[in-house]
Amino acid sequence: MFADDTKLQMTVRNEEDRTLMKQDLESVVNWATENSMELNDTKFQLLQHGKAPQLEQLKKPYSVSPGVEVVCDGSVRDLGVIVDPGLTWKPHITEIVKRATTMASWVLRVFRTRNSEHLLTLYKTYVRSHLEYCSPAWSPYLVGEISTIEAVQRSFTAKISGMESQNYWERLKSLKIYSLQRRRERYKILYMWKIANNLVPNPFGITFRHSPRHGLQAERWIGKAKLASVNTIIHNSFTSSAVGLFNAAPPNVKEQPTIEKAKAELDRFLTTIPDEPPTRNYMTSNNNSILDSLRQGTVKRPIA
């Protein structure tokens, strides 16, 4: 058992709830003591969400041992993903862009070649992985954040021999690579395929049904919170955005018997959709989402 994997979560609406949370925390500490496990008090982290004025007074520290309190002091790193109290991904995006930019600079310093095959192999191995780890969980929807991530690939591809005179969108076509935004959406569709085929857990309880017109469809979760900001978070979370993308995929993608065949069919479909991600100083008709292209009629939605 790893302490990093141990989490307690609870909706705290009043002092009674707060007392129950304290008791749960004490139970964990007592269990560890009884089983001769020593928990590192300094590594406990507390993350509290909620903006309602009546909740502010409940945002207090919790004691894990005499004289040691766990205080909510901002963002928390959970298995490599940074989560902040406002449920935004800006701190995480800032961190991964910094790491990827550093690695890209290292690659360009160490390797003198500017050959496309060599540089793309190095980029995919050492740079892009930083920008895509666990992306279904934190995939951004704000144009500014999408553009910030895309800037890493935009800058790197400009250094490849023969690409000097082309803009970023043209380089994507010439190098036959997807934008990072399109890759994130592609992976969401494929992950939904895995959930539908029981290859990965379905902790969200997503249900599926068959449509004669559109093939396999997942039930999309619609936010019903009182705050518009919360509904926006729900709408752009995996359980909503990934379901919308999966439902928009052609039936022949969702009906493939293996993940390899599903990838091949999905890639064929994606070649019909322009890939022009939000990029600073570039004019675009939408934010490049597959769903936006379907809504605007840039590409027709396939039917069975």
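The values are calculated or read from the model by the stated rules, or taken from the named source; none is laboratory data. Just so you know, these numbers come straight off a predicted model, no measurement behind them. Here the Cβ is made from the backbone with ideal geometry for all residues, glycine too, and neighbour counts use every protein chain on show. Side chains included, ligands, DNA and RNA excluded: accessible areas come from the protein's heavy atoms. Shrake-Rupley method; radii C 1.70, N 1.55, O 1.52, S 1.80 Å.
For segment 50-59, state whether one or more residues are surrounded by 14 or more Cβ atoms within 10 Å (Cβ to Cβ), under 17 Å from LEU8 (Cβ atoms) and touching a residue at least 40 places away in the same chain (Cβ under 8 Å). Yes, because at least one residue in segment 50-59 is surrounded by 14 or more Cβ atoms within 10 Å (Cβ to Cβ), under 17 Å from LEU8 (Cβ atoms) and touching a residue at least 40 places away in the same chain (Cβ under 8 Å). Beta carbons closer than 7 Å, at least 6 apart along the sequence or on distinct chains, pair a first residue in segment 149-172 that is surrounded by fewer than 20 Cβ atoms within 10 Å (Cβ to Cβ) with a second that is of a type in the set (D, E, K, R) and modelled with pLDDT of 95 or more for LYS159/ARG114; SER161/ARG114; MET163/ARG171.
Highlighted here are the helices (runs of 4 or more DSSP H) found entirely within segment 205-304 that include at least 2 residues which are farther than 19 Å from ILE195 by Cα: 228-235, 259-270, 290-295.
Every residue, every condition in (1) surrounded by fewer than 17 Cβ atoms within 10 Å (Cβ to Cβ); (2) closer than 15 Å to PRO136 by Cβ; (3) out of contact with any Lys or Arg (no Cβ under 9 Å at 6 or more places or on another chain), yes or no:
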{"position": "PRO201", "(1), (2), (3)": "yes, yes, yes"}
{"position": "THR207", "(1), (2), (3)": "yes, no, yes"}
{"position": "HIS210", "(1), (2), (3)": "yes, no, yes"}
{"position": "HIS214", "(1), (2), (3)": "no, no, no"}
{"position": "GLN217", "(1), (2), (3)": "no, no, no"}
{"position": "LEU227", "(1), (2), (3)": "yes, no, no"}
{"position": "ASN231", "(1), (2), (3)": "yes, no, no"}
{"position": "SER241", "(1), (2), (3)": "no, yes, no"}
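Scanning segment 197-241 for residues that are closer than 25 Å to ASN287 by Cβ and touching a strand residue (DSSP E or B) at 6+ places or on another chain (Cβ under 6 Å) yields ILE206, GLN217, ALA218.
In this structure, VAL97 does satisfy being closer than 27 Å to ILE146 by Cα, in contact (Cβ under 8 Å) with a residue 40 or more places away in the chain and under 16 Å from the mean Cα position of the chain (by Cα).
Results for (1) within 29 Å of SER229 (Cβ to Cβ); (2) open to solvent by less than 40 Å² (accessible area, probe 1.4 Å); (3) not hydroxyl-bearing (Ser, Thr, Tyr), shown as yes or no for each residue.
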position: ASP73; (1), (2), (3): yes, no, yes
position: ARG77; (1), (2), (3): yes, no, yes
position: ILE82; (1), (2), (3): yes, yes, yes
position: GLY86; (1), (2), (3): yes, yes, yes
position: THR94; (1), (2), (3): yes, no, no
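Within segment 13-31, the set of residues being under 33 Å from the mean Cα position of the chain (by Cα) and of a type in the set (A, V, I, L, M, F, W, C) comprises LEU20, MET21, LEU25, VAL28, VAL29.
Would it be correct to say that PRO136 is under 15 Å from TYR187 (Cα atoms), touching a residue at least 24 places away in the same chain (Cβ under 8 Å), not basic (Lys, Arg) and not in a helix (DSSP H, G or I)? Write out each step before concluding.
On the way: under 15 Å from TYR187 (Cα atoms): yes; touching a residue at least 24 places away in the same chain (Cβ under 8 Å): yes; not basic (Lys, Arg): yes; not in a helix (DSSP H, G or I): no.
Here the answer is no, as PRO136 does not meet what is asked.
If we scan segment 65-84, do we find a residue that is in contact with a Cys (Cβ under 9 Å, 6 or more places away or on another chain), closer than 30 Å to MET10 by Cα and in a loop (DSSP other than H, G, I, E, B)? Checked segment 65-84: at least one residue is in contact with a Cys (Cβ under 9 Å, 6 or more places away or on another chain), closer than 30 Å to MET10 by Cα and in a loop (DSSP other than H, G, I, E, B). Looking only at segment 243-274, how many residues end up being crowded, with 18+ Cβ neighbours inside 10 Å, in contact with a strand residue (DSSP E or B) (Cβ under 8 Å, 6 or more places away or on another chain) and not aliphatic (A, V, I, L, M)? Here the count works out to 5.
Among the residues that make up segment 139-150, is at least one of them outside any helix (DSSP H, G or I), more than 25 Å from THR271 (Cβ to Cβ), among the hydrophobic types (A, V, I, L, M, F, W, C) and touching a strand residue (DSSP E or B) at 6+ places or on another chain (Cβ under 7 Å)?
Let us first name the residues in segment 139-150 that are outside any helix (DSSP H, G or I), namely 139-142.
Restricting the remaining residues to those that are more than 25 Å from THR271 (Cβ to Cβ) gives 142.
From the residues that got through so far, the ones that are among the hydrophobic types (A, V, I, L, M, F, W, C) too are 142.
Filter once more, so that each one left must be touching a strand residue (DSSP E or B) at 6+ places or on another chain (Cβ under 7 Å): none.
Scanning segment 139-150 turns up no residue that is outside any helix (DSSP H, G or I), more than 25 Å from THR271 (Cβ to Cβ), among the hydrophobic types (A, V, I, L, M, F, W, C) and touching a strand residue (DSSP E or B) at 6+ places or on another chain (Cβ under 7 Å).
Regarding VAL143, is this residue in contact with a Pro (Cβ under 6 Å, 6 or more places away or on another chain) and open to solvent by 70 Å² or more (accessible area, probe 1.4 Å)? Here the answer is yes, as VAL143 does meet what is asked.
When you scan segment 110-118, do you find a residue that is open to solvent by less than 30 Å² (accessible area, probe 1.4 Å), in contact (Cβ under 8 Å) with a residue 24 or more places away in the chain and outside any helix (DSSP H, G or I), even just one? Within segment 110-118 (the criterion being open to solvent by less than 30 Å² (accessible area, probe 1.4 Å), in contact (Cβ under 8 Å) with a residue 24 or more places away in the chain and outside any helix (DSSP H, G or I)), the answer is no, since none of the residues qualifies.
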